[in-house]
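A.B. asks: The structure follows.
Since every read-out is calculated from the coordinates, none of them should be taken as a lab result. Here the structure is a predicted model, which is why all the values come from computation and not from measurement. Neighbour counts run over all protein chains shown; Cβ positions are idealised from the backbone, glycine included.
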Amino acid sequence: MATLLADTGNADIGLLRAVNGLAVGAPRWLDSAVSWIGEYGILLGLAALGLAAWLRARRRPDAPVAVAGLLWAPLAVALAELANLPISRIVDRPRPFVDHPELVVLVEGKEGTLSFVSDHSAMSMGIAVALLLVDRRIGLVAGALALLQGLCRMYLGVHYPTDVLGGYALATAVVLLLAPIAMAVLVPFCHSLTRTALAPLVVARRRGGESGRRRRGRGAPARAARSEEPARESDLAA
């Protein structure tokens, strides 16, 4: 597998050169911006989306289930990263700039590390897929950020396109295949939290509370009965 992935005559290196070649004539500020975005910015953006999804999930009728799905996101990413440890050792693929010194490398400290699969791509797509299962709108935004993450890793010259696709596939498989098992544990856990002092982490407090709604509900029939009394008296008079 390592020999196949190291093939320099396929479309893999061709696409990498096309994306990484954009950095050749780019201004320094753009290279710095892409470097920060590709290393930290997108992951921070995904964390912010996760926070927004949590605030929305707490207000849903199925809040414990939705919050359980959000808890699965970081757990799935951690499992995908653990799964990548033996995969990267088996494939044993060096960084693209090792075999292709003509590439522009915008990230330091990657020498001696392995390329397949892309950790950043796996983390980004894992969060995106998990969010998509809970909140479609936020999940689609997260998916766009995950795709941008892959382009940034190629622009920086630290991953082949197949490294990025491998990260996407690994994270998606972990999230979807293990979700039923994870939810079987996380949903009861979140339901149990609703009976503790940590309940606001799972279910948002509603204005007025249930007692207020009950009072309004009891008052409505009384008002309706009072409004019908004049009509009954007029019928008797007739």
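A.B. asks: Hey, rough spin-label estimate for A169 and N10, points 7 angstrom out along Cα→Cβ, what's it come to in nanometres?
C.D. replies: In this crude spin-label approximation the distance works out to 1.0 nm.
A.B. asks: Amide H neighbours of A204 under 5 Å, counting only residues 5+ apart in sequence or on other chains, H built in-plane at 1.01 Å?
C.D. replies: Residues meeting the criterion, in which the H sits 1.01 Å from N, are R59.
A.B. asks: Next question, about the same structure. Kindly write out, for the range 74-88 in residue order, the coupling ³J(HN,Hα) from the Karplus curve 6.51 cos²θ - 1.76 cosθ + 1.60 (θ = phi - 60°), rounded to whole Hz, with x marking Gly and Pro.
C.D. replies: Karplus-based 3J(HN,Hα) across the range 74-88 equals x, 5, 5, 4, 4, 5, 5, 5, 5, 5, 6, 4, x, 4, 5 Hz.
A.B. asks: From the phi of every residue in the range 143-158, what ³J(HN,Hα) in whole Hz does the Karplus formula 6.51 cos²θ - 1.76 cosθ + 1.60 yield, where θ is phi - 60° and glycine or proline is x?
C.D. replies: Once rounded to whole Hz, the list reads x, 5, 5, 5, 5, 5, 4, x, 5, 5, 5, 6, 4, 6, x, 10.
A.B. asks: What are the ³J(HN,Hα) couplings of the range 61-66, residue after residue, when phi is run through the Karplus curve with 6.51, -1.76, 1.60 and θ = phi - 60°? Round to Hz, x for glycine and proline.
C.D. replies: Whole-Hz 3J(HN,Hα) from phi for the range 61-66: x, 9, 3, x, 5, 5.
A.B. asks: Right, next: Once you charge only the Cβ atoms, +1 for Lys and Arg and -1 for Asp and Glu, what is the size of the charge dipole of the range 2-200 about its Cα centre, to the nearest 20 debye?
C.D. replies: Details: 14 positive and 14 negative charges, 193 e Å.
About 920 debye.
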